[in-house]
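See below for the structure under consideration.
The values are calculated or read from the model by the stated rules, or taken from the named source; none is laboratory data. Predicted, not measured: the structure shown is a model, and the values here were computed from it. Cβ atoms come from the backbone with ideal geometry, glycine included; neighbour counts cover every protein chain shown.
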Amino acid sequence: MERDDDKTLLRGTATRTSPSGHEPGNRYGETSLPIGMRLGEFEIAGLIGKGGFGIVYLAYDHSLDRHVALKEYMPSGIASRTATMNVTASLPHYSDIFAAGLRSFMNEARLLARFDSPSLVKVHRFWEANGTAYMVMPFYEGVTLKEAYLSGKITPHEAWVRTLLDSLLGALETIHREHCLHRDIAPDNILLCKDGSPLLLDFGAARRVISDLTHMPTVIVKPGFAPIEQYTDISALKQGPWTDIYALAAVVYYLIAGKPPPDSMSRVIDDEMVPARVAGKGAFSERFLAIIDHALAVRPEQRIRSAEALRQELALADATCAEPPPASRQPNPVPPTPAVEPADSVRSSMRDAAPASAVVEPTRPETAHKVKTAALRPWPYALRVAAAIAILGASWLIGVQVSVNNLYDNLLFGDRDGVEGYLEAGGSPDTRNGVGQTPLMKAAMFGDTALVNKLLAAGADVNAQSNVGESALWVAAYHGHPKVVRTLLAAGAEWNMRYAEKTPLDAARSQGHTDIVEILIQAGARQ
């Protein structure tokens, strides 16, 4: 898949050229604006990043005599540039999608311009021209948190991580006050500026809108950092501030454990996440690690509910640490999250959410290595899922053939019996939903090897592709499920099938799944 270099990832890697000494012409390909081109007072001076949904240039602001970053809305695959440098939908049936993405790009720019937080990207100007839109931001120089960590430029300790967390919580508080969500927090979306301060990079709102309209959700979610509610829109799993809290806690977990938590889809089926209390034992305080585990609860209603609530838990932990308990007294568990009343309409998704006071007791370290799915499915939750299925008019138990969307719901909650009932009732293993996805693709996404084997035994087409070209092998490689990858390859999956112009090998590499890269290369995969 495409690297997200269309984000405001301004690392000082662009080629700087003086306004008068540039070499005219386009050295970056036909889709990019040529060096020397003027957009009002801004002169294109270099290329910072180019991704699937936009291009970020280094530009020179002649009016204020400074370099800036200029971002252009340019969604590849659905847009093209004319000889006059105008941008237009590449095919007539992409016109509505292109226009929706453009509106979202402008809304995002307008929102960022209104925000006032030192840890959020600032937008100086934004406008529409040449059939597309642009936004101008400061030219931030630094490296991403992921780059800094992998290169050894930082050695996270608790004081440093808590300072980072404090700054990013300030950014989330600003965002959530405007009834918005970020939904893309990850180590590669946090810039560490030269002075060490963190910057939460932009939302990629146009990217989400286009992906929603073209049914390409795998481009948006980041495995390990995206919570379960970002994978589905069923009513039992609303998105809200807690969605960003999970992702932020996953970033902290990454710094503690050296790797992200397992994909949240896998955690629902069989939670093999080593708790932060275990991964960081001895290097971080127990109370701090317990709070991170609380924020990483799989089920949204059991999670810390807001940035303010997370601050309160951290402050309370500090206060408790200041007065150590007597040796004869056991440490108190993580305090319950205060009942913080969320705003009425964060994405209109919080109205029916569970009470903010719902909490989960910390799991004992000796039993925390593996929390089975059964512990995640109390009756109230199961009833909500059953109600959602009933509303959709489906019934696995009486053998009525249901849509793949309901199969998705059963898969989501680890209900293999429901899938077996579907197959036993004569349901096709290759039934497709509205975007051409098959049950095998969904099972591969969740990393459920047993279910993958059941579907293959039932005759599922191992090389079926969705409407946009994703295959079960591509999805498994992207989401980091080596057992599923091996199973699919053994069943005859083709390693060279492409989605978004990328092979499964490209997908695995883009996510850092080195074990899957080796498996695919051994199977004959090559660029």
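Just a few scattered comments:
- Single match in A99, A89 (criterion: over 30 Å from G142 (Cα atoms), exposed (fewer than 13 other Cβ atoms within 10 Å of the Cβ) and without any contact (Cβ under 8 Å) to a residue 40 or more places away in the chain): A99
The rows are residues; the columns are (1) under 22 Å from V221 (Cα atoms); (2) of a type outside the set (D, E, K, R).
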site	(1), (2)
Y253	yes, yes
P260	yes, yes
R287	no, no
A290	no, yes
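- Listed conditions (1) under 25 Å from P227 (Cα atoms); (2) at pLDDT below 90 are all met by T514, apart from (2).
- Residues (farther than 17 Å from G131 by Cα and exposed (fewer than 14 other Cβ atoms within 10 Å of the Cβ)) located in the range 58-86: H62, S63, L64, D65, R66
- Of the candidates N463, N467, the single residue that is surrounded by fewer than 18 Cβ atoms within 10 Å (Cβ to Cβ), in the same structural domain as P429 (by TED's automatic domain parsing) and modelled with pLDDT under 90 is N467.
- Yes/no for D506 being among the acidic types (D, E), in contact (Cβ under 8 Å) with a residue 24 or more places away in the chain and crowded, with 18+ Cβ neighbours inside 10 Å: yes
- Residue that is modelled with the highest pLDDT [pool: residues in the range 473-511 that are under 11 Å from A444 (Cβ atoms) and among the hydroxyl-bearing types (S, T, Y)]: T487
- Residue list for the range 49-86, filter: at pLDDT below 90 and under 24 Å from V143 (Cβ atoms): G49, K50, G51, G52, F53, G54
- Unique match (being crowded, with 24+ Cβ neighbours inside 10 Å, among the small types (G, A, S) and at pLDDT 95 or above) among A276, A283: A276
- Those helices (runs of 4 or more DSSP H) lying entirely in the range 129-214 with at least 2 residues at pLDDT 90 or above: 145-150, 158-177
- Identity of the residue in the range 230-263, among the polar types (S, T, N, Q) and within 11 Å of the chain's Cα centre (by Cα), that ends up modelled with the lowest pLDDT: Q230
- Selected residue (criterion: nearest to L150 (Cα to Cα)) from residues of the range 467-503 that are in contact with a strand residue (DSSP E or B) (Cβ under 8 Å, 6 or more places away or on another chain) and touching a residue at least 60 places away in the same chain (Cβ under 8 Å): Y499
- If the condition is being among the small types (G, A, S) and either buried (at least 23 other Cβ atoms within 10 Å of the Cβ) or outside the structural domain of L314 (by TED's automatic domain parsing) (or both), then the range 225-238 contributes A226, A236.
- Test: residue in the range 239-258 that is touching a Phe, Trp or Tyr at 6+ places or on another chain (Cβ under 9 Å), touching a residue at least 40 places away in the same chain (Cβ under 8 Å), over 20 Å from R311 (Cα atoms) and in the same structural domain as L164 (by TED's automatic domain parsing): no
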